[in-house]
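The values are calculated or read from the model by the stated rules, or taken from the named source; none is laboratory data. Bear in mind that the values here come from a model prediction, so they are computed numbers and not experimental data. Backbone-built Cβ (ideal geometry, glycine too); neighbour counts: all protein chains shown. SASA here: full protein model, heavy atoms, side chains in, ligands and nucleic acids out. Shrake-Rupley method; radii C 1.70, N 1.55, O 1.52, S 1.80 Å.
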Amino acid sequence: MAFGLNVLFTLLEIAGGLYTNSVAILSDALHDAGDCLSLGLAWRLQKLSGKQADAKFTYGYQRFSNLGALITGLVLIVGLGFVAVSAVSRLRNPAEVNAHGMVVFAVVGVLMNGFAAWKLHGGHSMNERVATWHLLEDTLGWIAVLVGGIVMSVWDLPIIDPLLAILISLFVLYNVFRNLKQVVLVFLQIAPAELEADALQSKLLALPGVVAAHHTHAWTLDGESHVVTTHVVLNAASTRADILRVKQGVHDLLAEHDVAHVAIDVELEGEACPCGD
Ligand SMILES: [Zn+2]
Ligand SMILES: [Zn+2]
Ligand SMILES: [Zn+2]
């Protein structure tokens, strides 16, 4: 439903941008096309990412939702490149735009995005809050187009249109890079903030019975469920009960931090680490 409306509105915007000859509207349309793509991919990949692990993807499919964000980001960058090129050439020789048409489209844009933001606001889930913010940003973009359209219908200043387009594109680009950075860092196996090595290591060492820990690694599947592997060294005289207690301690500690996959290697003091540490 929301997706269909988005697609419809984006097509309307592209038509509006071409009709009014406004690159500012086209850059807003591109932004919304990116939103559609990310919604569509998220929707499609969400199903996939909920799939249980199988023989080929032993961790499950959570990372497929990151893939959607990556694709959307790259597509948006290419699209923004096109808008930027045409906006810059318009700066050199400004083209006449249909300012009244721009105002009409901008009013529709402000109303639609504003209405959607108003309907969503007050939602409590992380997703709803992010979506509300996003809609407010979209509304701001349309307000900028509206103001530009009004100015251009009073004064003959066609240069405002490409200037607006560049401004909107820079703003979208900033957000794209911010999101892409998160996604790429996950693919690069950065440790989740709460599980950075030093902090994790000292929490492990604080567990009763743990003499040392090494080969401690933490990464995240999708930013929400994490993986930790570690070697813990116990006193050489540890009994079966001691070992079980330490293992349970590590599992309890990591369960507090959304670690979905834990691998613990238990070594006794004096034992050579098979990995050479
Ligand atoms: Zn948007
Ligand atoms: Zn290691
Ligand atoms: Zn080891």
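Figure legend: label point modelled 7 angstrom from the Cα of residue 82 along Cα→Cβ; residues of region 153-172 with amide N under 20 Å from it are 162-172. Close amide H contacts of residue 216 (hydrogens built in the peptide plane, cut-off under 5 Å, sequence separation of 5 or more or a different chain): 231.
In this label model, residue 178 and residue 74 are separated by 2.4 nm, measuring between points 7 Å along each Cα→Cβ vector.
Of the solvent-accessible surface of region 2-187, computed with a 1.4 Å probe over protein heavy atoms with every protein chain present, carbon and sulfur atoms account for 73 percent. For region 12-55, the set of trypsin sites (Lys or Arg not before Pro) satisfying both a DSSP loop assignment and a count of at most 12 other C-beta atoms within 10 Å is given as 51.
Rounded to a whole number, what % of the accessible area of region 193-268 do carbon and sulfur atoms account for, probe 1.4 Å?
Carbon and sulfur together cover 54 percent of it.
I need the calculated FRET efficiency for the pair residue 53 and residue 212, taking r as the beta carbon distance and R₀ as 22 Å, to the nearest 0.05.
Details: r = 32 Å, r/R0 = 1.46.
The calculated FRET efficiency here is 0.10.
Relative to the current alpha-carbon distance between residue 157 and residue 143, full extension at 0.36 nm per residue lengthens the span by 3.3 nm. Annotation: per residue accessible area for region 177-231 equals 53 Å², rounded to a whole number [probe 1.4 Å, protein chains only]. Taking 30 Å as the limit for the C-alpha separation, the pairs 56/181; 51/203; 47/203 exceed it in the case of 51/203; 47/203.
Relative to the longest principal axis of the Cα atoms of the chain, helix 2-20 runs at roughly 40 degrees.
Estimated from helical segments only, the mean residue ellipticity of the chain at 222 nm is -22500 deg cm²/dmol, where each DSSP H run of four or more residues counts as -39500 (n - 2.57).
Heavy-atom accessible area per residue, region 1-99, 1.4 Å probe: how many Å²? Each step should come with its number before you reach the end.
Details: 5500 Å² over 99 residues.
Spelled out: the 1.4 Å probe surface of region 1-99, per residue, equals 56 Å².
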